[in-house]
Every structure is written in C-alpha cells, then in structure tokens.
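Here is the structure we will look at.
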Amino acid sequence: MADLTLSGKNPTSVRADALVVGTCSTSDGVAVVADQLPADLVRQVETLAPRLGVTGAVDEVRTFPAGGDVKADVVVLTGLGERRPDGTFAAETLRRAAGAAIRSLAGTASAAVALPAVDEDELAAVVEGALLGAYSYTRYRDEEAAAKKKPVATVEVVTSFARSARAKAAVARAEVLAAAVHGARDLVNMPPNDLYPAAFADAARNAVRELGVKGVKVTVLDEKQLAAGGYGGLVGVGQGSARGPRLVKLAYSPVKATTRVGIVGKGITFDTGGISLKPPAGMPAMKSDMAGAAAVLHTVLAAARLGLPVAVTGYLCLAENMPGGNAQRPADVVRMRGGKTVEVTNTDAEGRLVMADGLVSAVEDGHDVVLDIATLTGAQMVALGTRTSGVMGTDDVRDEVKVAADAVGEDFWPMPLPAELKAGLKSTVADMVNSAPDRWGGMLFAGHFLKEFVGDTPWAHLDIAGPAYNEKSPYGYTPAGGTGVGVRTLVGFLEGRSQA
C-alpha cells in the first residue's frame, strides 16, 4: 500500500513524478479545480481542453507535461463531473477522482494530490480514494511486468488541513480501511489451485498473527469436525472435492464491547456448479465465489486494528464445489446444523447451504445482530447490474446497512422479501428445497432460504455477486478483478453500532 502523508505546501512546489488536480464540466467547457496552480497554466489547459479531449467527466484522467512553474514532472487531470449547486463535490466523487488518478499512475514512484476538499470529511474521501487506487495484483507476474504495474509508492496529499488532528485521524483510519480492502482483493484474485479451504484457513490464521492485536481468536473446524457437529451444508457441498471444507471462526472480543455482531461470509473457493455444472465460459471468474468470506476476514481485522468497542465474530464458510465421484447429487437431502433438512434440487445453489450452517452457528453464539455477505445469486446481477449490491432482511437492520453503505460510498440497494416467494421453499421430502421453482425473484428467494436459519435474530443479507469481481475495465478506485466490496460497508456498520 502507498505511503501517504499530508502537506500544507503549495502544490506547485511539491517534488513528485506527478501532480494530480481536478477538472470539472461547466456550461461553456472545462474548468481546472486547483486554486494554487499558475494562472497561465490553468488558462492554457482550459483553452486546449477540447483539443486534448478533456471534458472533466467523472473517471476521465489525462496527463500532460507540467512546465517550468510546477516541480512535478507531469500534471494529471482527473475528472470531477459537474459541481453541486453549492459549488462543492460529493465525497464519493472526490474518492473516485483520487482513485482513478492514482490507479492510472501505476509504475510511477510518487504523486502529489491537490483536490478540492472543503473540510476534513472531504479530505478523508480524497485520502481513501488515493489509497484504494494504489493497488495492483502482481504475485504471479515476472519482475519486469510487475514493476510496470506496481502502484504508486508515495502519495502526498496537499491540503490546508495538514496539521488538523481530525485530518490525521482520517488518514490513520483510511490506511486501515485500504489495507483491509486490499487484503480482500488479494484473496479474491488468488487462483483456486493456491486458495482452497484449508489454505484460506491458514491465510486467516496468518493474517491474525501478523496483525498482532490482542483479543482476536481463531478457531478452525475441518471436515471431520464439521461432520461430527452436524454441519450438513458445508459437508455436502465440499464432499465432491479432494480438498475438504472448513469453518473458520474469528472472534474479536474487546473488554468494553457495547454490542455483539456476527458476520457470516460465503467462501466457495471455486464453484464449478457441482453436478449441475456451470457453462464453461463464465467459470474462470468463479474463483471469486469466496469474496464474502474475504470481506468478513478483513472486516474483523479492521475492527480490531481500529479498536472498535464492538464484539465481532466472523464465520468463514469455506468449501470447494466440485463434480467429483463423491459429489452431492440433485435430489440428495442434507441435514443442516440445527436439524433442518434441505432437498438439494440444484447443486449450483450451494452458497446458501454453507451460509445456512454459518448462520445457525452465529445465532447459537448469541449476537445482537447477524449479517451475512455472499456472492450468492446471478439474479442479483439481473436485478441490479454489476456495480450495485442487494441488501435484504429485518427492515431496520437492512436500512442500517444501507446508511453505512451510503456513508462510505458503496452502492447497496434495499430489497424486499415478498411473502409469496416463501411458498417456493416447499419440498415433498424435506423441510425445504435449496433452489427456486422458477427463475423469477431468485435473489429474493435465496434471502427467504437464509431467513429460515436466523430465527428471531435481527439480520441482514448482503448479495454482492456482481460487484465483488470486476470482469471489465477498471474505474475510479476499483481495479479489474477482485474489488474488496463490502469491507467498507461492514466496517461502517460496526462503527455506527459502536457510536449508537
């Protein structure tokens, strides 16, 4: 992650490989949003903007030589879109603009960022965006290729709040959040031959060990312990693989905790669909089917690093869904943790089976509220696209998640659980089926299935199927591949609970 500092210098005097400033769209063209740049340079850029293809649009990044009045080698123009009626820019706009610029500078050693932040909250967004944009996954590239994609090493954010205690605290928090998001991205990007359930469990142990914060305890159940404990969902999904399932429990228990939160994450380290095999074309991206568990792991670590007065237990439900000779079959009936039976009508609806076991375990442990996060349904993408996640559950908890997501700049949309869809759970041989009888409302049907395993516990389900893995071009602070979505929302939710 980039080394970030605050500076009160004039941005033109900062020695860096690049100076990042904003541009915005206006009624008559483009305006450079940088008060301390030389007037001649600003006029030159605004005059040449049409010929340079600069419009000031969001996610637009353009680079040109700085000239003699600026110590940086180049000036990077990052688009902010249109100003709001009060002349300012939304925090997420600043976050994305900073992220897009820093992401574009991969292979560059240093950058100075001078974006318009009118208070410490807006400055925090700039800092977060810069740190989130300073990411690349190069573990499997040769040294030369890795060097070209290496993220910016040092970032100097120029601001009049450089000496503010609130600003320094914002930087410290942003560094924790960015490290958590990067950690989740790394796990999602790992190939499935290296990240399988036991390896994921080891990664969780190592991450806690490296964290070095007291109060985080890791417990791992292997396939034999899961079978003995009645975790039929995890055992059934994992039995087709030579690499057995795991349930990892991470408990952060501060002494003065004000509330207890359980968070369950789907960790299917690779999803072939099992016997109900997926189409081959979309299968490579199924290494990302553990993004929920990755988000949970790094949310717990972030809560510990931030010292939040909230007891948080993460449940990583880890399995590999393979069509082996011992794989579960459509029409099998499995007995879940807690005793409910499920007829498996589709082995590619496996995520809800492992999540159900995790939810029962979380409820057994007695939390004030339980959340779950999963790349659960293709229906989420049909309903909301690839950048907006769905959230459903107990109304007040669902709305609390939405508030947290809005505050951190992640797109979640509240969804209902229509009563009529529950009828689709009926089975002729078991307590319920795992797959909807038709294609309509698949995301909501999955929510109903999970609801059966939480009882009266306040609960929300976050479906991140589309946003967890970006198969298209990078944008803003979001890279291609693993995005780390959900981490900032979950941390924001915990922060909200700690302040309530």
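Against the test of being of a type in the set (A, V, I, L, M, F, W, C), on the phi < 0 side of the Ramachandran plot and buried (at least 24 other Cβ atoms within 10 Å of the Cβ), the options ALA319, ALA304, ALA327 yield a single qualifying residue, ALA319.
Name the helices (runs of 4 or more DSSP H) wholly inside the range 137-228 in which the number of residues that are under 30 Å from THR12 (Cα atoms) is 3 or more.
Passing ranges, in order: 143-149, 165-189.
Among the candidates LEU277, LEU234, single out the residue that is surrounded by 15 or more Cβ atoms within 10 Å (Cβ to Cβ), in the same structural domain as GLY338 (by TED's automatic domain parsing) and either in a loop (DSSP other than H, G, I, E, B) or touching a residue at least 12 places away in the same chain (Cβ under 8 Å) (or both). Step by step, each of LEU277, LEU234 is checked, and only LEU234 is surrounded by 15 or more Cβ atoms within 10 Å (Cβ to Cβ), in the same structural domain as GLY338 (by TED's automatic domain parsing) and either in a loop (DSSP other than H, G, I, E, B) or touching a residue at least 12 places away in the same chain (Cβ under 8 Å) (or both).
Conditions tested, residue by residue: (1) closer than 20 Å to LYS426 by Cβ; (2) assigned to a strand (DSSP E or B); (3) charged (D, E, K, R); (4) modelled with pLDDT of 95 or more.
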| site | (1), (2), (3), (4) |
| --- | --- |
| CYS317 | no, yes, no, yes |
| ARG329 | no, no, yes, yes |
| GLY339 | yes, no, no, yes |
| VAL354 | no, no, no, yes |
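Search the range 320-338 for residues that are under 23 Å from LYS451 (Cα atoms) and free of Cβ contacts under 8 Å to residues at least 60 places away in the same chain and pair each with any residue that is part of a loop (DSSP other than H, G, I, E, B) and small (Gly, Ala, Ser) when their beta-carbon atoms are under 8 Å apart and the residues are at least 6 apart or on different chains. Qualifying pairs under 8 Å: PRO330/SER276.
When the range 88-110 is filtered for residues that are over 17 Å from VAL181 (Cβ atoms), in a helix (DSSP H, G or I) and not hydrophobic (A, V, I, L, M, F, W, C), the ones remaining, listed by number, are THR93, SER104. Exactly one residue out of VAL113, VAL54, VAL127, VAL75 is part of a loop (DSSP other than H, G, I, E, B) and either in contact (Cβ under 8 Å) with a residue 12 or more places away in the chain or not assigned by TED's automatic domain parsing to the domain that holds ASN193 (or both): that is VAL54.
If the condition is being in contact (Cβ under 8 Å) with a residue 40 or more places away in the chain and more than 24 Å from the chain's Cα centre (by Cα), then the range 78-106 contributes GLY81, GLU82, ARG83.
Going by the conditions given, is ALA207 crowded, with 16+ Cβ neighbours inside 10 Å and either touching a residue at least 24 places away in the same chain (Cβ under 8 Å) or within 30 Å of THR345 (Cβ to Cβ) (or both)? Before the answer, list the steps.
Numbers: crowded, with 16+ Cβ neighbours inside 10 Å: yes; either touching a residue at least 24 places away in the same chain (Cβ under 8 Å) or within 30 Å of THR345 (Cβ to Cβ) (or both): yes.
Yes; evaluated as a whole, the condition is true for this residue.
Among the listed residues ASP438, ASP399, identify the single one that is at negative phi and more than 22 Å from the chain's Cα centre (by Cα). Exactly one residue qualifies, and that residue is ASP438. If you take the residues in the range 262-307 that are among the aliphatic types (A, V, I, L, M) and out of contact with any strand residue (DSSP E or B) (no Cβ under 9 Å at 6 or more places or on another chain), which one is farthest from PHE453 (Cα to Cα)? Out of the qualifying residues, it is ALA281.
The values are calculated or read from the model by the stated rules, or taken from the named source; none is laboratory data. These figures come from a predicted structure and were not determined experimentally. Positions of Cβ are generated from backbone atoms using ideal geometry, with glycine treated the same way; all protein chains shown enter the neighbour counts.
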